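Here is the structure we will look at.
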Amino acid sequence: MQRTFTRQELYDLVWSTPIVTLAGSFDISDRGLAKTCARYQIPVPGRGYWAKIEAGQSAPKTPLWKIDNPTLETVHIGAYKPPVNPYVAFAIEAAAGTVRKSREERQAKNAPEQTRAVSEKEAAPRAPKELNVFEPVRRPHNSVSGLVAALRSAKPDQYGEVSVPGVRVHKSSVSRLISFLHHLALALDQREITVSHSEKGVNTAISPDDVRLEIGEARSREKHIPTPAEHKKHEEHEKHREIARRLGQWLSYESFWPEYDYIYSGKLSLEIQNWADGARKRWNDGKHQNLESMLEPIADGILFHLAFEKARREEREAEERRRKHMAQRRELHKKRQEREANRLSFLRQLAEHQKEAVDLRNTIAKAAEFVSQASSEYLRMIAWAEQRLAHLEAQNQLEVLTSNLREQDLFPEPDDLYDPEGDPAPPRNAWSYD
């Protein structure tokens, strides 16, 4: 169904069809549609309106008021998504296909275990929904052992924060994070994804493509309330400053507490730093789910980004090959054009020589009638003409012509300038959009 309307069009819809029914046609909730109407300042029927209509009673309509903001005149129903860039659409499709294929392969491989797990789950009594919790890990997966060692040896700062490249959490969350990293590495193993850690951060890869991860913990900043011990130190220092002042000395001011305290929430987040249109990049602990419960979606998200990077890289490589191939074809075309010009020049010269030879023969034959009367200059001209004719006839000999053709490489066999694809199209203008 259409999802873009004017305010007037949507107003007419919500006052002609119950909002629950109308929302269903848009595949959104009635509350979601009501919020959309509120956002675009469109009044909706109140309680009892449709009951009065069904009973045949009159029910007043709230008129659609005018607004001064032109950006609200066009209404988008549901989550508005801009059109996908066609230059990355193929990568999105390829990445989604890779994730789908990986999931199907894992499901086929684990089918017996999954069937047994489902049966056991159905037989067990229903328990209230709980957040996933992993047991502490003593020997983490090899691929994250370096990162785990860095976390365990990192010295917390004054606020208790442990920070290594790619990770920033409170010291109280380190044990939980290590367990999560261990299970994430196992999930990535199933997708043939490697994990590594360096000064650049946490890296996941399917060589030669990689994506970088950032793991953090949410924190808030609160104004620090000095403790009695801090107050005491401050007062003692002020007394010393006063004594120093009386003695004509100067003692610098010192602060004995920070201006703010940083309160760590224990809520972790994982973010993929690479860009991939159409993919989720960030996962956070929430009220009803945590990173542990989102392990599979996170691993699939990393796989999506890697597959996206692979598709884009392969397309760039293919485009570079196409560019080089076309450049080579255009270079061959240029050389063929130059050779064609040389061939024409050779043929024209051959024709000119042959025509000149014919003219010289006729001239020499005619001159023979005047030999007895000719002057010495005339005779020398005729002798020169005979030499010129001999030279032209020598040039027109088959052996000499063949030698010249080979020397200029005008008709080689095989033809190293031959293009089986024909002549390439001329390069398009950089400003052309066709």
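Quick notes
- Looking across the range 236-279 at every residue that is under 20 Å from G301 (Cα atoms) and in a loop (DSSP other than H, G, I, E, B), the one that is modelled with the lowest pLDDT is identified as G278.
- The range 126-185 - residue that is within 21 Å of Q289 (Cβ to Cβ), charged (D, E, K, R) and not in a helix (DSSP H, G or I) and, of those, farthest from the chain's Cα centre (by Cα): R126
- Scoring W283 on the criteria (1) crowded, with 17+ Cβ neighbours inside 10 Å; (2) part of a helix (DSSP H, G or I); (3) in the same structural domain as A185 (by TED's automatic domain parsing) leaves a single failure, condition (2).
- Single match in L151, L213, L177 (criterion: closer than 30 Å to F304 by Cβ, surrounded by 14 or more Cβ atoms within 10 Å (Cβ to Cβ) and free of Cβ contacts under 8 Å to residues at least 60 places away in the same chain): L151
- Screening the candidates T36, T62, T71 for the property of being closer than 29 Å to G278 by Cβ, modelled with pLDDT of 85 or more and β-branched (V, I, T) yields one hit, T36.
- Selection of the range 6-33 for residues being aliphatic (A, V, I, L, M) and surrounded by 16 or more Cβ atoms within 10 Å (Cβ to Cβ) yields L10, L13, V14, I19, L22, A23, I28, L33.
- Residue in the range 227-235 that is of a type outside the set (G, A, S) and farther than 30 Å from E254 by Cα present: no
- Against the numbered list (1) surrounded by fewer than 16 Cβ atoms within 10 Å (Cβ to Cβ); (2) closer than 30 Å to A205 by Cα, L295 comes up short only at (1).
The values are calculated or read from the model by the stated rules, or taken from the named source; none is laboratory data. Please read all numbers here as calculations on a predicted model, not as lab measurements. Note: ideal-geometry Cβ built from the backbone for every residue, glycine included; neighbour counts use all protein chains shown.
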